[in-house]
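A.B. asks: Structure provided below as structure tokens; questions to follow.
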Amino acid sequence: MTNMPAIKEEIAPAPQTAGSAAPKPTAPRPRPSPNRPTARPQPGGRPATSRQAQPLVRPTPKAKVRKARLLVSKVDPWSVLKMSFLLSVALGIMLVVCAVTLWSMMDLTGVFDRVNDLAGQILGGNGDAGGFQLQELVTVGQVASFATIIAVVNVVLLTVLSMLAAVLYNLSASLVGGIGVTLTDD
């Protein structure tokens, strides 16, 4: 074995410095008698002590939540115009893609064939509906063209209406003060 110092369970007195007084002798602590318990058991299974143990780390105090109340008193119409234009172009692209996808799904699932059969039964033909074919009337190119026209009209309308709404908001905000917004730190 190595030469390790023996560990003692005694507490050594604090070293004296030149300016300190002589240590006071401490009286031995009385041992509790076996007939009388010294403390009641605490909830959690630990016995109570005469001095409550201090936590090693103090909990940090909770920071106060800062609040700022702001008013939106003016909106820049040019920035509203740019944002509404970009968003309406994105919606227009989505409209064209959805229209073409919907037409393709209807063609793949046989909806057009069922409509052709139903038209043949209603018109009283021999099943071929007298030459009526829905795919010939409504082609995927026509659907894409119609969806594109609607998308362009929507882009123009949404952009103009959004800019008009920004101007109207600025006028009404100058009268009543604007919209109040409260910001907090969480």
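Nothing in this text is a laboratory measurement; each read-out follows from the coordinates by a stated rule. Remember, predicted model here, so these are calculated numbers, not experimental data. Please note: Cβ atoms are built from the backbone with ideal geometry, for glycine as well, and neighbour counts cover all protein chains shown.
A.B. asks: Size of the dipole of the stretch 67-177 about the Cα centre, Lys and Arg at +1 and Asp and Glu at -1 on the beta carbon, nothing else charged, in debye to 20?
C.D. replies: Roughly 980 debye, rounded to the nearest 20.
A.B. asks: So what is the relative contact order of the stretch 55-182, in percent, for Cα pairs below 8 Å that sit 6 or more residues apart?
C.D. replies: Details: 107 pairs, mean separation 63.4, N = 128.
It rounds to 50 percent for the stretch 55-182.
A.B. asks: Given LEU71, LEU108, ALA90, which one lies farthest toward the positive end of the charge dipole of the stretch 67-177, if we put +1 on the Cβ of every Lys and Arg and -1 on the Cβ of every Asp and Glu?
C.D. replies: LEU71
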